[in-house]
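Notes to accompany the following structure.
The values are calculated or read from the model by the stated rules, or taken from the named source; none is laboratory data. This one's a predicted model, so the numbers in the text were calculated from it and none came from an experiment. Positions of Cβ are backbone-derived with ideal geometry, glycine not excepted, and every protein chain shown enters the neighbour counts. Ligands, DNA and RNA are excluded from the accessible area calculation, which covers all protein heavy atoms including side chains. Shrake-Rupley method; radii C 1.70, N 1.55, O 1.52, S 1.80 Å.
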Amino acid sequence: MENWQTLARTLAELTREAVVEMKSHDCLSRTFTIKIRFSDFQTLTRAKTIPDYTDSEEKIRKVAFACLKRIDLKKRVRLIGIRLSNLRKKK
């Protein structure tokens with residue numbers, strides 16, 4: 001099993017990068033998905049759609065961590081990722 005702090009730090013950094021990219025395109029998002037691939041190549045995804053569009057790094061990070069907590073981390077992790085979808089342009 002991976003160290004929780006390492007996974008948390010990595011997920012926070014990936015979230016920051018995704019938000020910067022989204023903001024560079026003047027977009028907002030409502031759906032956030034994390035992907036975890038374990039050392040045996042089992043892959044799990046967890047997604048959540050929130051009521052309002054956002055580009056808030058804090059809100060997106062909280063949703064990403066809520067998704068991560070829904071995954072049993074008993075095996076070594078080889079990949080972690082985040083996807084922002086259900087996008088729209090800022091008005």
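With protein chains left intact and a 1.4 Å probe, residues in the chain average 63 Å² of accessible area per residue. Per-atom-type breakdown for region 5-44 gives carbon and sulfur 52% of the accessible area (1.4 Å probe, protein chains only). Once the Cα atoms are used to define both axes, helix 57-68 deviates from the longest principal axis of the chain by about 30 degrees. Using only side-chain charges placed at the Cβ, +1 for Lys and Arg and -1 for Asp and Glu, the dipole size of the chain relative to its Cα centre rounds to 240 debye.
Taking only DSSP H segments of four or more residues, each worth -39500 (n - 2.57), what value at 222 nm results for the chain once the sum is divided by all its residues, to the nearest 500 deg cm²/dmol? Can you show the working numbers first?
Numbers: 2 runs with 33 residues, N = 91.
That calculation yields -12000 deg cm²/dmol at 222 nm.
Pairs from the list Lys69/Lys90; Lys35/Lys89; Lys23/Lys90 with a Cα-Cα gap above 20 Å: Lys69/Lys90; Lys35/Lys89.
Each Cα pair under 8 Å and six or more residues apart adds its sequence gap; the mean of these over the residue count of the chain is a relative contact order of 45 percent.
I want the local charge near Lys35. Using Cβ-Cβ distances under 9 Å, sum +1 for each Lys or Arg and -1 for each Asp or Glu among the other residues.
Result for the local shell: +3.
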